[in-house]
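Step one of this worksheet: look at the structure below.
FYI, it's all coordinate maths here, none of it is from the lab. What you see is a predicted model, and the numbers here were worked out from it, not measured in a lab. Counting neighbours? That spans all protein chains shown, and the Cβs are built from the backbone with ideal geometry, glycine included.
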């Protein structure tokens, strides 16, 4: 019975800002994730435009391993030319195949860039 | 007698000194607006007959329950998509037809969230809700898979994915 198991996915901030990084022509933002899904260990990060087409970005790992009840802080770097296109940064749970007859829930949270 | 009084004074002084030297330990926290997707029940398929898999309770299954907690009003959309195929299954003998639906099963604020179900936008298997109030909303997603030609589902394990998304506005 899963009803009483803490099983949640969260990512903050909701409205990150891209600011110039230490590298010329590269902008940066910092995101934080908390994994309370006991059934999930991996989350995939992506950056998207307003129509959810992918926008190039760099982070330490595009698939992050986040243990149950762990926090992870990660930086996202985007080229200056792509800053105007980047609208969403999303994290999506990655689910493993299991040998049971069931449905599974893939969660995705998208924050929205709000630049001055 | 004098020694006993001196010892008592010393012990008393030590106790007071320990009490005075206690320090406060702050617990820090930052409150940020956020959306949390909580999986209350991942759901299970029942097998009411040879050619049907269903999450319906009367079919022996369990619907999926997902809770969205938001701490900022008018800041998020919830999009929940019922499965349209199996993510894993044995080799199937025919085409499988999927039906599914998502409904609001419970809310923490009946006044602010009472119109969620009536205001939702259905886009195929996806249901989109505008989360206009802060608090928790429980969504129930049902799924039924029917094998074509009244053929039986082969024995084995079946998994289908429900996608729950919280998108900042």
Kirkwood Rh and Cα-based Rg: tell me the resulting Rg over Rh for the range B:34-168, rounded to two decimals. 1.04
When chain B is treated as a Gaussian network with springs between alpha carbons less than 10 Å apart, the largest mean-square fluctuation among B:79, B:36, B:27 is found at B:27
Shielding by partners - mean other protein chain Cβ count within 10 Å, residues of B:153-166: 5
Using R₀ = 30 Å, calculate the FRET efficiency as 1/(1 + (r/R₀)^6) where r is the Cβ-Cβ separation of residue A:50 and residue B:108; round to 0.05. 0.45
Rounded to two decimals, what is the ratio between the C-alpha radius of gyration of the range A:11-116 and 2.2 N^0.38 Å? 1.14
For B:37-50, what's the mean count of beta carbons from other chains sitting within 10 Å of each residue's beta carbon? 6
In nm, give the distance between the simple-model label positions of residue B:136 and residue B:31, each being 7 Å from the Cα along the Cα-to-Cβ direction. 1.8 nm
To check my understanding: the extent here is largest minus smallest coordinate of the Cα atoms along each principal axis. What are those three numbers for the protein assembly as shown, in Å, largest first? 102, 58, 41
